[in-house]
Amino acid sequence: MTDVVFLVVSLLTVFFAILALESRELVYGAVALSLSFLGVAGLFILLDSLYIAIFQVLVYIGSIAILIVFVIMLVRREKWANVTSGNERILGIIAAVLLFSTMTYFSLSSSLTSQYPNPAAISDFYEIGSQLINDYWLILQLTGLALAVSIIGALTMAKFENR
């Protein structure tokens, strides 16, 4: 069963990566890139590496891909600011409700909170911050650099799109 799930997730990841590269519209390419990143997170989950999967979702989907979409929408405001028909608004509301209900369902059915019944087993915030600054400073700096490069890349892509 795991082999079938791996095959499906890897094929979807490659499909969305190719779609991100071949998309003529920048917003659709950025959304396909986000879905490809989500597939990579799914592959990390299959490898029993939950921490890296959560990091993948938070950093790559939560910041880089969404940042690209926001920058493109801000630069090309005239195209995305007006909704032409009521169908798009209704589809957006339905998609938002489905996304919220799916996230709520998976959050409530998750076993992440039951893994640590003792709150003392989790490090306090001072210790986490100390480890980030002292032990993982290079990774923290590289993550900031990756976010800065993604902003510059999104602005560059939006600038070339306007020409």
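Where a number appears in this text, it was derived from the coordinates with a stated rule and is not lab data. Just so you know, these numbers come straight off a predicted model, no measurement behind them. Cβ atoms come from the backbone with ideal geometry, glycine included; neighbour counts cover every protein chain shown.
Per-residue extension of 0.36 nm, minus the Cα-Cα distance of Ser49 and Thr102, leaves a gain of 16.9 nm for this segment. Phi angles across the stretch 21-36 convert, under the Karplus curve 6.51 cos²θ - 1.76 cosθ + 1.60 with θ = phi - 60°, into 3J(HN,Hα) values of 6, 9, 6, 7, 9, 5, 5, 5, x, 5, 5, 5, 5, 4, 5, 5 Hz, Gly and Pro given as x. Shape of the stretch 3-66 from its Cα gyration tensor (a ≥ b ≥ c, root eigenvalues): rounded if a/c is under 1.5, otherwise prolate when a/b > b/c, or oblate? It comes out oblate by the Cα gyration axes. Once both labels are modelled 7 Å past Cα along the beta-carbon direction, what's the Trp137-Ala95 spacing in nm? If labels sit at Trp137 and Ala95, their model points lie 4.3 nm apart. Length gained on full extension, Met1 to Leu67, computed as 0.36 nm times the residue gap minus the Cα-Cα distance: 20.2 nm.
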